[in-house]
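The values are calculated or read from the model by the stated rules, or taken from the named source; none is laboratory data. Values in this document were obtained by computation on a predicted structure and should not be read as measured data. Every residue, glycine as well, gets a Cβ built from its backbone with ideal geometry; the counts of neighbours run over all protein chains shown.
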Amino acid sequence: MSAMNIYSQFKLKIIKIIEAIDFDVENEIDCSRISVEPPRDSSHGDMATNAAMVLAKQVGKPPRDVAAMLVDAINSEADVDSAEIAGPGFINLRLSPTFWADQLDQILAANGDYGRLAIGAGKKVNVEYVSANPTGPMHVGHCRGAVFGDALANLLTFAGYDVIKEYYINDAGSQIDVLANSVFLRYREALGEDIGKIPAGLYPGDYLVPLGKSLAQTHGDALLSMDEDKRMALLRDASIDAMMALIREDLAALNVHQDVFFSERTLHAQQDNTSKIAQMLDVMREKGFVYEGSLPPPKGELPEDWEDREQTLFRSTDVGDDIDRPLVKSDGTYTYFAADVAYFKDKFDRGFDRTVFVLGADHGGYVKRLKAVAKAVSGGKTELDVLLCQLVKLLRDGKPVTMSKRSGEFITLREVVEEVGRDAVRFMMLYRKPEAPLDFDFAKVTEQSRDNPVFYVQYAYARTCSVFRQVASELPDLDVSDAALKTADLSLLTDESEIGLIKKMTEFPRMIEQAARSDEPHRVAFYLYELASELHAHWNKGKETPELRFINNKNVDITLARLAMLRAVASILLSGLSIVGADAPQEMR
C-alpha cells in the first residue's frame, strides 16, 4: 500500500491514547464508532474526532470532561500543533507544517501510485455492465451504465481488487430471430428486390443495410432457396457477429474495453448430450432448490409467461425472493430465469468472491431474484450486488433531444461521443450519483468554463504541464526531474493556499477508500473538481501576489519546492482521470 489514509492513521493514534488512559471502568472500552475526518468548516482545524462523545456513556462522564482527558495526550503528539475542545465535546486538531511537508514527500515518493490501496486484498470481483441486446448500435440509454460500470471496475482495481470486466451477450432469445429476419429483408433488398416499408415487429434501422449487402456479396442469391432452418442458423450467426462488432466499436469510442464477452448461447449449447443449464438443474435439484410444482396465479395482471400447470420451479422463496420461479416452459425450452441461474453458477465456478451487476433503473425488479440465486447457488459464499443507473435526459440549450439522424428512433451512443468527445461524456455521466436522474446538455459539456467540470479538471492538469514548459524556457539549466524534485525543501511551502492544496491532496486515499467500499465512482469525479478548484484558486492568487508564483527566477529552492507540489497535483489528477477513463491533455487551446 503506497499511502495510508491520514484520517485512519490519526484514528489509530487516538485509540492508542485511549488505551493508555485508566478510565476506572469494568468493561472494555469500545472504540469501533470513533471517527476522525475533515471538519465541515476548515477554519475549525485540519481534523475533527468524535472520540469523547463515543466514550462519554461508556465511562459515565460528560463528553467535554472526557475530551479534556484526551486533549493533553493528543497535544503531545509530534504531528499536532494544537487540539481544542469544541461544541458538545468534539476535538478539533491542527497539524504542524512539518506534517504537511512529510505528506507531500510521501505523495512524490509514491511515483504516481499515491492513493492506490490494498483494501481489496486481491479479492476476485466480476463487474458485468452494459450487456445490451446484440440487435443494433448502442444508444445513449446504454451510455450511463457503460461509463459507471467501467469506472467502478477501474476504481476497485485501484483499491486492490482483482477485477474482471464482463459483457453478457443476450444472443439466445426470440429477439435474435427478429434480428435474423430483419437482416434477411435487407439481404433481399441488396439483391435488388423492392422490400417496401419495413414490416412492424422487425428492426427498421439502416445499420442493417451493410450486413445485407455483405451477405449478398458472399452468398449471391443462394440464401433464397436454402432450407429455412439452415438459413436462419446462418443469419443468426452473421447477425450476432456483425452487431457485436458494432457494439465493440461503440464501446471503444467511449473507452470501454471489457475482458470477457460471455455468450448466453453457450449455456444452451449441447455437449455430450447435456448443456450448462441442464447441469445446473441437476446440481440445484440435489441441493433441494429445483422441484416440480404449480404456482398460484400472481395478483393483478397476469404476466405473459405465467402458466397454470405443474412445472419445473426454482425454490427461490427459501432464499429471500417473493415467489418461486419457473425454469422450463411448456414447450420444453428453458426460461430466461433458468439461463440467469446457470450464468451465475458459471461465475461462481470461475471463483469470484463478489459479482456486481450494473443495470438500468427499469430492472429494479431483478434485484431480489438475483440475490436469491446467488444465495442458493453459492450457499452464501459469494456477495452479489445489483447497482441501478437512472435514465439520462439529453438536452440542447435546455430543450429535450430525442430524434437521431442515423437511426431515426433513438440517439446513438456514437453520435453523442462524436459531437462532444469521449472525455466529456465519461466525466459528465459520473458527475451525478447513479441513482439520480441525469440531464446531459450538449451546450454545457462543450463550454470552456468552471461550470463544465471536465474542462475545469483537464485544464488544471494542462496548467501543471504549462508551468514545466515555462521552466524549460526560463530556467533551462534547472533539473526538474522526479529525482531532483524529491530532494526539494518542502518546508518552504508555508502560504495558506499552498498548505490548502497539500491538504486537499491528502484526502485522495480516504476518498478512494470510501468510494471503493461504497461502489461510488462519482466521488472520484467530485474530488477531481475540488482539487482542480484549489489549484486554479492558488494560480489566481499567484497572479495577484507575484512572490507566490511557481517560478521564482531569484530563488531556485522555492521554485523547486513549488514544482514538487505541482508534480504531486499532476500525479493525482492523472490517477483520478484514469479511474474516470478520461484523458489528461498536456495542452488545451
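Observations on the structure shown:
- Some residue of segment 54-62 being within 27 Å of Q514 (Cα to Cα) and assigned to a loop (DSSP other than H, G, I, E, B): no
- Scanning segment 396-413 for residues that are hydrophobic (A, V, I, L, M, F, W, C) and modelled with pLDDT under 90 yields V401, M403, F410, I411.
- Test for R265: is it in the same structural domain as F148 (by TED's automatic domain parsing), surrounded by 12 or more Cβ atoms within 10 Å (Cβ to Cβ) and under 30 Å from C143 (Cα atoms): yes
- Selection status of L574, hydrophobic (A, V, I, L, M, F, W, C) and surrounded by fewer than 16 Cβ atoms within 10 Å (Cβ to Cβ): yes
- If you go through segment 378-396 and keep only what is surrounded by 14 or more Cβ atoms within 10 Å (Cβ to Cβ) and among the hydrophobic types (A, V, I, L, M, F, W, C), you end up with L384, V386, L387, L388, C389, V392, L394, L395.
Here's the yes/no breakdown for (1) over 13 Å from the mean Cα position of the chain (by Cα); (2) farther than 23 Å from D340 by Cα; (3) in a helix (DSSP H, G or I):
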site: I91; (1), (2), (3): yes, yes, no
site: I119; (1), (2), (3): yes, yes, no
site: E166; (1), (2), (3): yes, no, no
site: D177; (1), (2), (3): yes, no, yes
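- Any hit, segment 183-204, residues being buried (at least 21 other Cβ atoms within 10 Å of the Cβ), among the charged types (D, E, K, R) and either farther than 30 Å from V358 by Cβ or in contact with a Pro (Cβ under 8 Å, 6 or more places away or on another chain) (or both): yes
- Some residue of segment 524-532 being small (G, A, S), at pLDDT 95 or above and surrounded by fewer than 22 Cβ atoms within 10 Å (Cβ to Cβ): no
- For segment 338-373, a residue qualifies if it is small (G, A, S), in a helix (DSSP H, G or I) and either within 22 Å of the chain's Cα centre (by Cα) or farther than 16 Å from K287 by Cα (or both), and the qualifying residues are A339, A361.
- Some residue of segment 20-43 being aromatic (F, W, Y), crowded, with 20+ Cβ neighbours inside 10 Å and in contact (Cβ under 8 Å) with a residue 12 or more places away in the chain: no
- Close pairs from segment 270-282: first assigned by TED's automatic domain parsing to the domain that holds K347, partner in a loop (DSSP other than H, G, I, E, B) and of a type in the set (G, A, S), Cβ under 8 Å, at least 6 apart: S275/A269; K276/A269
- Residue count for segment 542-571, restricted to those that are surrounded by 14 or more Cβ atoms within 10 Å (Cβ to Cβ) and either more than 21 Å from S491 (Cβ to Cβ) or in contact with a strand residue (DSSP E or B) (Cβ under 8 Å, 6 or more places away or on another chain) (or both): 1
- Search result, residues across segment 471-481 that are outside any loop (DSSP other than H, G, I, E, B) and either surrounded by 13 or more Cβ atoms within 10 Å (Cβ to Cβ) or without any contact (Cβ under 8 Å) to a residue 12 or more places away in the chain (or both): V471, A472, S473
- Qualifying residue in segment 490-504 (condition: over 18 Å from Y114 (Cβ atoms) and either of a type in the set (A, V, I, L, M) or in the same structural domain as L384 (by TED's automatic domain parsing) (or both)): yes
- Test for S263: is it among the hydroxyl-bearing types (S, T, Y) and touching a residue at least 24 places away in the same chain (Cβ under 8 Å): yes
- Checking K61 against (1) among the basic types (K, R); (2) more than 33 Å from the chain's Cα centre (by Cα); (3) under 16 Å from L12 (Cβ atoms), the condition it does not meet: (3)
- Restricting segment 1-33 to residues that are touching a Lys or Arg at 6+ places or on another chain (Cβ under 6 Å) and assigned to a loop (DSSP other than H, G, I, E, B) leaves a set whose member that is modelled with the highest pLDDT is N5.
- Residue within segment 393-400 that is charged (D, E, K, R), assigned to a loop (DSSP other than H, G, I, E, B), out of contact with any His (no Cβ under 6 Å at 6 or more places or on another chain) and within 16 Å of V140 (Cβ to Cβ) present: no
- Counted residues, segment 34-52 - those being assigned to a helix (DSSP H, G or I) and farther than 20 Å from E77 by Cβ: 2
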